[in-house]
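To start, the structure itself, in structure tokens.
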Amino acid sequence: MTGCDIGLIGLAVMGQNLALNMERNGYRVAVFNRTQATTASFMERRASGKKIVAAHSPKELLEGLKKPRVVVLMVKAGPAVDEVIGDLRPFLEPGDLLMDGGNSHFQDTERRFQELSSQGIRYLGVGISGGEEGALWGPSIMPGGDPEAYRLVQSLFEAIAAKVDGEPCVTYIGPRGSGHYVKMIHNAIEYGDMELIAESYDLLHRGLGLEAEELRDVFSKWNEGPLSSYLIEITAEIFKRVDTETGRPLVDLILDRAQQKGTGRWTSQNAFDLGVPTPTLTAAVEARMLSARKAERLKASTILGGPEITFHGDRPALIPALEKALYASKICSYAQGMALLKSASDAYGYNLKLDSIARIWRGGCIIRAKFLDHIRTAFRDDPDLPNLLVAPFFREALLATQEAWRQVLEAAIRLAIPTPAMSASLAYFDAYRSARLPANLIQAQRDFFGAHTYERIDREGIFHTDWSK
């Protein structure tokens, strides 16, 4: 086992598919997994006859690689990454390159980058999006770290990445933990997108009584217009699947309890740290948390009454209105994510290129969508754009959809169907476009009970009032 181009550690499905992707693109890959049976199964089945060789220890893996050695870790985020780095560390040499392709927290990547750089070891935190299919056939790749290290693997990444209009969906993101930071925000936008789609489904299904076949037709039609995206496409596909045992739509048999791996929650926490409003993204995280309290919700449903879910309005008219409301809300979800990227770039010195990030999200990744071309154009035309909402294309889109947006949310309230993310999106839009907000009263309250002072609109300075007199 000698002369391999790259080593890969971690042979869950993502790791296996990434190894197969690299091999298909002409690279000889050495693989290792702590569970030897997993390695053996992979070699006997999916890797059989391919330029993939198995190693039985971290030392053997490194000994089989060309110098400088390049290793990508595809292991679970958290302590497991540190454990694998610890296993490799005694056998690494200055100039070797480690890449973490998992969903690590960006601050962990910052720490690992500093620790390894001080020892002469190169390190890249690489966000990889696209799920199992993307890993195999072309993901969106977000590498951050040492720019010299990126150049070492640039041709590899460009070969295995998704392609849109002939452009590979990969670019150097920035220093240190920036790659994993951008992947974290990608995932938060994904949370927002999925929740908005789920709320639209709920309105159509419970509110209007549409069943799976009708839902499939609605989402298929939506995918032909401004909402065209991977998530809308697969939603239509989901409604096609019938459970073979019961003959019922499979989606109706899935328990309504959503899980999460942490990237959405990390984004909300970081947004609070940076003082950036992300109400749609946070509402999506909170909606998953509420869904997880299934037992509580079941009990509450028997003791907390509400209006009957019966729609009395113009049923055919609500469906195109909902398409517009979903589109407008989706714009807000992306706008919040891009605004957070902009603030983080300044706060952490990442020097992020938002137009380039939008470009590589056009293919391979979960949030790929038709209107990412317009996001790319918006930030290319104005790199200092404060918020996507005021870019000409999106401003016009929101102005054209807001009446339908409000009609849909009014119907949702009357039907008692929760729409936390869509409602948060409209509130974000209305707050952002408001020249005056009621924060003046909040400042008066703060000054009353805590002498926190306030500013005035008619003169410069800082003021305090003894409100009790």
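Every number in this text was worked out from the coordinates using simple rules, so none of it is lab data. Computed from a predicted model, the values in this text were never measured in an experiment. Positions of Cβ are backbone-derived with ideal geometry, glycine not excepted, and every protein chain shown enters the neighbour counts.
Residue separation times 0.36 nm, minus the C-alpha to C-alpha distance between Glu93 and Leu250: what's the value? My answer for the length gained is 51.3 nm. Remark on Val242: its backbone amide H falls under 5 Å from those of Leu250, a criterion applied only to residues 5 or more positions apart or on other chains, H modelled at 1.01 Å from N.
Using equal-weight Cα scatterers in the Debye expression, the normalised intensity of the chain in log10 at q = 0.05, 0.07, 0.08 Å⁻¹ is -0.22, -0.43, -0.56.
Looking at the stretch 6-176 only, what percent of DSSP beta bridges run antiparallel? Nearest 5 please. Roughly 30 percent of the beta bridges in the stretch 6-176 run antiparallel, per DSSP.
The angle between the Cα long axis of helix 79-88 and the longest principal axis of the Cα atoms of the chain comes to about 20 degrees, rounded to the nearest 10.
Only one residue of Val390, Leu62, His180 has its Cα farthest out toward the positive end of the dipole of the chain, where Lys and Arg carry +1 and Asp and Glu -1 on Cβ, and that residue is Leu62. Computed from Cα positions, the angle between helix 392-415 and the longest principal axis of the chain comes to roughly 70 degrees. Here the translational diffusion coefficient of the stretch 1-102 follows from Stokes-Einstein with Rh set to the Kirkwood radius across Cα pairs; for 25 °C and 0.890 mPa s it amounts to 185 µm²/s.
Exposed loop sites here are GluC sites (Glu not before Pro) assigned a DSSP state other than H, G, I, E or B and surrounded by at most 10 other beta carbons within 10 Å; excluding them, the longest clear run of the chain is 1-223. Across the options Gly262, Leu281, Pro307, the greatest Cα extent toward the positive end of the charge dipole of the stretch 183-432 (unit charges at beta carbon of Lys, Arg, Asp, Glu) belongs to Gly262.
Using only Cα positions of the stretch 6-176, each an equal point scatterer, no hydration layer, compute I(q)/I(0) via Debye at q = 0.16 Å⁻¹ and quote the log10 values to two decimals. Values returned for q = 0.16 Å⁻¹ are -0.89. Here the spin labels are modelled as points 7 Å beyond Cα on the Cα-Cβ line, and at Trp467 and Phe448 they lie 0.4 nm apart. Other residues whose C-beta falls under 12 angstrom from the C-beta of Gly131 contribute a net charge of -2, scoring Lys and Arg +1 and Asp and Glu -1. On average over all directions, what projected area in square nanometres does the stretch 285-399 have, based on the convex hull of its Cα atoms? The directionally averaged projection comes out at 10.9 nm².
Pairs of alpha carbons in the stretch 310-464 separated by more than 20 Å make up 62% of all such pairs. Close amide-amide hydrogen proximity is noted between Cys365 and Ser140, each under 5 Å apart and 5 or more residues distant or on a separate chain (H modeled in the peptide plane; Pro and chain starts excluded). Taking max minus min of the alpha-carbon positions on each principal axis, the stretch 396-467 gives extents of 47, 30, 15 Å, largest first. The stretch 20-99 and the stretch 425-457 have their alpha-carbon centroids 55 Å apart. Here is how the number arises for the chain: DSSP H runs of 4 or more residues each give -39500 (n - 2.57), the sum is divided by the residue count, and the result at 222 nm is -17000 deg cm²/dmol. In whole angstrom, the stretch 360-404 maps to an equivalent ellipsoid with semi-axes of 20, 16, 7, each derived as √(5λ) from the alpha carbon gyration tensor and ordered largest first. Have a look at Ala412, Ser117, Ala321 and report the one farthest towards the positive end of the charge dipole of the chain, computed about the Cα centre with Cβ charges (Lys/Arg +1, Asp/Glu -1). Farthest towards the positive pole: Ser117. In a DSSP loop and with at most 13 other Cβ atoms within 10 Å, the chymotrypsin sites (Phe, Trp or Tyr not before Pro) in the stretch 380-469 are Trp467. Between the amide H of Tyr123 and those of Leu98, Asp146, distances stay under 5 Å, these residues lying 5 or more places away or on another chain, with hydrogens modeled in the peptide plane. Within the stretch 37-90, the trypsin sites (Lys or Arg not before Pro) that combine a DSSP coil assignment with at most 11 other C-beta atoms in a 10 angstrom radius are Arg45. Helix 106-117 and the longest principal axis of the Cα set of the chain meet at an angle near 30°.
For the stretch 183-432, the fraction of C-alpha pairs more than 22 angstrom apart is 55%. Summary value for the chain: 13 percent relative contact order, contacts being C-alpha pairs under 8 angstrom separated by 6+ residues.
A simple spin-label model places pseudo-atoms 7 Å from Cα toward Cβ; at Arg297 and Ser155 they are separated by 5.2 nm.
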